[in-house]
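All remarks here apply to the structure that follows.
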Amino acid sequence: MAGPERVICSSADLTDSGDGVRFELEVHGRPEPAFAVRYKGRVYAYLNRCAHMPMELDWKPGKFFDVWGCI
C-alpha cells in the first residue's frame with residue numbers, strides 16, 4: 001500500500017547534476033533522511049544513508065554529485 005502523496009519541491013528546484021533537495025520520510029515508523037536529485041533529465045529519490053557505513057551521502061548539505069556532475 002502506497003503512502004500519501006506529498007510535494008517535496010518544485011521540479012525547477014532540481015537542476016540536472018545540481019544540488020539535491022533533502023527531506024525526511026517515515027520508514028517503519030521512524031523518520032529517515034532522504035534526498036531528491038535530477039540526473040540526465042530524470043528525478044531520483046533515495047534514502048540518505050550509505051549501505052556500507054553509518055553516514056549520509058552528501059559531502060556538504062545538498063551536494064551529492066562530484067565536481068564534474070557525476071554521481
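Just so you know, all these numbers are worked out from the coordinates, no wet-lab data involved. Quick caveat: nothing in here was measured; it's all calculated off a predicted structure. In this analysis, Cβ positions are derived from the backbone assuming ideal geometry, glycine residues included, and neighbour counts consider all displayed protein chains.
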| note | Quick note, segment 1-40: a/c under 1.5 would make it rounded; otherwise a/b > b/c is prolate and the rest oblate (a ≥ b ≥ c, C-alpha gyration tensor); here it is prolate
| Given R₀ = 30 Å, FRET efficiency for Cys9-Trp68 by Cβ-Cβ distance, to 0.05? | 0.80
| Taking a ≥ b ≥ c as the square roots of the eigenvalues of the Cα gyration tensor of the chain, is the shape rounded (a/c under 1.5), prolate (a/b larger than b/c) or oblate? | oblate
| Whose amide H sits under 5 Å from the amide H of Leu25, counting only residues 5 or more places off or on another chain, with H placed in the peptide plane? | Glu32, Ala34
| field | Of the trypsin sites (Lys or Arg not before Pro) in the chain, those whose Cβ has at most 12 other Cβ within 10 Å and which sit in DSSP loop | value | Arg6, Lys40
| note | Given unit charges at Cβ for Lys, Arg (+) and Asp, Glu (-), the dipole magnitude of the chain about its Cα centre in debye, nearest 20, is 120
| query | When only DSSP loop residues count, what chymotrypsin sites (Phe, Trp or Tyr not before Pro) in segment 8-71 have their Cβ near at most 14 other Cβ atoms within 10 Å? | reply | Trp59, Trp68
